[in-house]
Structures are given as structure tokens and as C-alpha cells.
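A short worksheet on the structure shown next.
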Amino acid sequence: MVSLIVTVATLGVSGQGVAEGKAQGEAWLGSYGRVGFSSDLEGGAGSRVALTPYAPRLIEDNYLELDAVYRAYKSTDATVDVTTTLSLFDAFFHYDGVADASWAIRRAFVEASELWGGPLWVSLGSRWLRGNDIYLMNMWPLDNLNTLGVTFGARSARYEAHLHVGVNRLNANPMSPQLQRVEVPSASGFGADEVTLLNRQRLITSGLYERRYDGWKWKVYGELHRLPSGTRALEGGYLEREALPDDLGLMLGAQLGLWGTWHPQDHLNLWVRYARGLAAYDELGATGSLDLNKRSWSAEEWRAALAGNLSGARWSAQWGGYIRYFRDADRSLDDFDDRLEGSFAVRPQLNLGVLTPALELSAQVSEPLGAHPINLRRETAVVYQAGLIPALSFDAHGEVGSFTRPQLRLMYVVSYLNEAALARYALEDPRSGEAVTHYLGARAEWWFGRGGGY
């Protein structure tokens, strides 16, 4: 009979590998989740103030991930695990009264590791390939690839290396640059048939090498993106068409990490990366403005990030932030879409047994490289935020710290937006006149059974 085994994990999940020491035929569960409710102190639900792409995560929507892992095979030749992860987005029947939910299959893959008793491994399926994150931003600054493909690698206590090849074909809207289905007259002469007119997959190749020493490591990482040419029908018909050229993207980056100086949860990570073309955009998002040749190669992004945690006998403090320069592919010298921006947050916390009150202070800054399209002014938008977080944190081993979960927390958060930040809202949006916002909420957060560690 299959046994269910739950293991407790620390933060810094790579998304690769599972708990060791399990026998063939065993299975175990894991989960990440956050759920809560809030008020804006005026009778409505509280809302997040997000000026930058990776704003502080203190205020977030409800979200759930459920992992199921089955050890299908274990011998001297290989250890084979089957992993699935289902995600549920912010939709609760008890809140909105709608018997519907938004599910996604985040992971579904088979991984064979310890091939022939050595460090080699291979996986095939849908997965994420992630490194270390900035918890306070819910951000993976260097490697955070969501892909469907195959990965070959080798790992040991001292190093990790892999080469990945995957594809995607986004279908977010009828004018998607990757997939388009249109109705044309049927070959029988009656009615219409639906045909796939545009069918081009983005090919993503990535490579990683990480070298670990006693208490520190370094890593290099890169991605190469390629999108083939295609033809798309213009909106409203199928006869008028436009040619879409092929496109490329490139990303290179590196990380330096320290950990475990005084406490197992202590760490310090520094990341830098440069991206160009398709790789300057999220692989699951739109490419935005293109050049005159309908390519994204002129787009570029520079990014640097820092995150860490430090612990004492009765206290801990975590911090994180990033700075980003982005210019889209149209290469306009006065473009509001191009900007220099960043966020930073710090959260000191007292660890008084299960009582873990904390204070979070953060800032978001966004300086456009062009004038606002409505008020024609070029101004730096700023959001300052302060939050009080009385909380209860629970750990089976008594190791209370910044990342001890599960956690039950209350939150009172006040945010201040300057005039340029308010101008980012539509004129008819009620938030455009609220320079100070309030958020009062309660939230539970947990993770377990996910493996990993810094």
C-alpha cells in the first residue's frame, strides 16, 4: 500500500528534486498556500499598491499549490520520481458565491536521477526551473523559467549543471503572435471550417552551472530564445494577412550567494543579469512594442538584485530589493514605456516563541524615460509603505525565524503615493485620488514537503 509522507522544508526552493531516502512505491505530498481576507477601512476589500513589476508581496491575492510525488522506481540504475503540481488562483466559493475555480497545471514531469549510480539526471514534462528568490518580492531575479521540455543535468553536493530545451505557444488572445485559428469557407461548400493559420512555437534553450563551497557559491546562467516566422490574419477576417518575421532573445546572468553564517536561515544573495530581445520580456507574457521590422531584438533589460536574512537569539531580519533598466524595441528616445525602476523592502521580526511580531518598510520607485501620455510630464513615481504584522509562527523543531511556517498573521498596512504614482491610474479610477491608502487584513501562509534549502 502506498504511504503518504510529508516533509517540512525551508525557503529557497529550486523546484528540482524531492526528499531523499524514500523507497520505490512511496508517495508524498507538498504544498504552498496563502489565504486571507481584508478591508480598506471604508467597507470594501483591501487592495495592493503595485507600482513596479515586483512590488513587495506583503499584500497578495489568495493562492494555492498542491504537489504530489510518486517514487516509481529505485535501483542502482536510477531513481525515478513522477511529480505533479496543481495551482488554484484567487477564487473561493465562500467569498464570491460562484461555484467555479481557476486551476492550472504548473508541473507534470518525470525525473530520472542518479543514473547508473552517478550524478546524471534527466527530466521530461512541464516544470519550472528556479534558483533562489527574494521572498519579500515574490521574485526570482535570475533563473525562473516556466517551460514544457526536456532537461539533462548533473548534480552533487558541490555542483549543479543542466541544459534545458523547451517550447511554448501562447494563446492569450485572438491576435496572439504565436497561435491563430480562423474560420474559412468549408471545402464541402457548406458552412465554415476552423483552420490553424499561425502556428509558431518559441524555442527556449537554457543552461546553468552552480559551484558550491563551504558556506558560499557562485552560479552562471543563460537563455536563448527563438521564434520562427509566420503569417497572421488581420483582425476581422482571414483574407488580409500580415507577415511576422522570426525573432531572437538572449539572457546572461550570474549569482553570488552566502548562507548559514550563524543560523541555518541566514543568507545573502547578489544577482546581475542582462537580457535582449525576446528574453527581455516574461516568457509567458506579451513582447510589447516592436521595431519597424516587427522584431523585439532591440529591447533590452539590465537587472541587479540583493536579498538576505540575518538571525539573532530573539530576532531576525530579512531584506530584499532590485533595480531594473528597461527599454522596449521601438527605440524611441522619449518613451513612457521605458524606465528605470526598483523596489526595496526590509522586515525585522521578534522571535518570542510562537509569537513573531514584525514590521515591514518598503519603497517603490519608477522613473520613466519619457513624458506621461496624458499630463505630458516626466516625473518619478514613488510609493512608500509601512506595515505592522503581529503573527504566530509554528515549527515542529522549534527553529523559529523569518521563514518559519505555517504562519497566522494580522496586517495593518498604510501606503503613500506621490502625484506621479497616482497618475499611473486611469482618470476615472477612484484610486487616482487616494494618496494615502489603508489595508487591514488577516492571512495564513504555509509551505511543506517541497525539498530545497539555500
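Tabulated values for the structure
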| quantity | calculated |
| --- | --- |
| Spin-label zone in segment 366-384 - amide nitrogen under 20 Å from a point set 7 Å from the Cα of residue 427 along the C-beta vector | 371-379 |
| Ranked list, fewest to most other Cβ atoms within 10 Å of each Cβ, for 316, 296 | 316, 296 |
| Loop-located GluC sites (Glu not before Pro) in segment 335-440, at most 13 other Cβ atoms within 10 Å (DSSP) | 428 |
| Ellipticity estimate at 222 nm from DSSP helix runs (n ≥ 4, -39,500 (n - 2.57)) divided over the chain, nearest 500 | 0 deg cm²/dmol |
| Of the chymotrypsin sites (Phe, Trp or Tyr not before Pro) in segment 154-233, those whose Cβ has at most 11 other Cβ within 10 Å and which sit in DSSP loop | 190, 213 |
| Neighbour-limited loop hits for GluC sites (Glu not before Pro), segment 177-273 (at most 11 other Cβ within 10 Å; DSSP other than H, G, I, E, B) | 235, 240 |
| In Hz, Karplus ³J(HN,Hα) per residue of segment 397-402 (6.51, -1.76, 1.60; θ = phi - 60°; x = Gly, Pro) | 9, x, 8, 7, x, 4 |
| Contour excess over end-to-end distance, with Cα ends at residue 197 and residue 175 and 0.36 nm allotted per residue | 6.8 nm |
| Ranked list, fewest to most other Cβ atoms within 10 Å of each Cβ, for 156, 47 | 156, 47 |
| Straight-distance crosslink candidates among lysines, where the alpha carbon sits under 28 Å from residue 74 and sequence neighbours closer than 8 are dropped | 22 |
| Karplus 3J(HN,Hα) series, Hz, for segment 436-442 with 6.51 cos²θ - 1.76 cosθ + 1.60 (x for Gly, Pro) | 10, 10, 10, 9, 10, x, 10 |
| Contact order relative to length of the chain, as percent, for alpha carbon pairs under 8 angstrom and 6 or more apart | 15 |
| Overall form of segment 262-403 per C-alpha gyration tensor (a/c, 1.5; a/b vs b/c) | prolate |
| Using distinct alpha-carbon pairs, which all enter the 1/r mean, Kirkwood radius of segment 4-448 in Å | 24.3 |
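Readers should treat all values here as calculations from the given coordinates under stated rules, not as data from a laboratory. Predicted, not measured: the structure shown is a model, and the values here were computed from it. We place every Cβ from the backbone using ideal geometry, glycine too, and count neighbours over all the protein chains shown.
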